Amino acid sequence: MINIRAPFKNEDIEKLVCGDIIKLSGVIYTARDAAHKRMINAINNNEKLPFDVNGAAIYYVGPSPAKQNQVIGSAGPTTSYRMDDLTKPLLERGLKVMIGKGKRSEEVINSMIKNKAVYLAAIGGAGAYISHSIKKCEIIAYEDLGPESIRRLEVEDLQLIVAIDCYGNNIYEKGRAMFEKTLK
């Protein structure tokens, strides 16, 4: 188990290897489809983004409302490929970590290699479990988007898997190859 802390520098990212299990602590941000579209519009219009993406992590999540005495409701990952068309400009501005579930496009992977970023997988269906790692939650932008608004989260020991490292090693390909090998 590797402990890492957000925000990140290239040296932090270069140490992570496909398949590593990590515990992430620090500040991360949430953003899904609609928030990504607004951020890309802001970039295209030379406007300031709601947070500094340089060295940051974005968690693809639209959490459910918090119950009484909870920081956040269920916070399971959403399917990441839906953000693929909107990811490259953020990577070019220094985004270092993306957290979600499922495969990423070749274009995103190539941009990750070029910009020294990683993709971490959260376990789908474990939203209630994941919410226990979230210690603070604050909406910082696009409140009108409801669950898809951008939130600043403080996390402690959020357990994740390095799905794609900054060298392009991909657990979705690596795992498939290992499985196919056992079938032969």
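Quick note: the coordinates plus some simple rules give every number you see, no bench work behind them. As the structure is a computational prediction, the values presented were derived from the model and not from experiment. Cβ: placed from backbone, ideal geometry, glycine included. Neighbour counts: every protein chain shown.
The figures follow:
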| read-out | value |
| --- | --- |
| Top positive-direction residue, dipole computed over segment 2-183 with Cβ charges, set TYR119, VAL61, ASN3 | ASN3 |
| Potential extension, ARG5-LYS114 segment - 0.36 nm per residue separation minus Cα distance | 37.0 nm |
| Calculated FRET efficiency for the pair ALA42/GLN159, C-beta based, R₀ 41 Å, to 0.05 | 0.80 |
| Hypothetical label at THR79: residues of segment 9-44 whose amide nitrogen lies under 14 Å (7 Å Cα-Cβ projection) | 33 |
| Rel. contact order, % - alpha carbon contacts under 8 angstrom, at least six apart, the chain | 29 percent |
| Distant-in-sequence amide H partners of LEU120 (H built 1.01 Å from N, under 5 Å) | MET98, ILE99, GLY100, ALA163 |
| Extension reserve of the ALA128-ILE140 stretch, reckoned as 0.36 nm per residue once the Cα distance is removed | 2.1 nm |
| In order through segment 45-62: 3J(HN,Hα) via Karplus (6.51 cos²θ - 1.76 cosθ + 1.60), integer Hz, x for Gly, Pro | 9, 6, 9, 6, 7, x, 8, 6, 7, 5, x, 8, 10, 10, 9, 7, 8, x |
| Answer label for Rg and Dmax of the Cα atoms in Å (calculated), chosen among (1) 15.0, 50; (2) 15.8, 55; (3) 14.7, 41 | (2) |
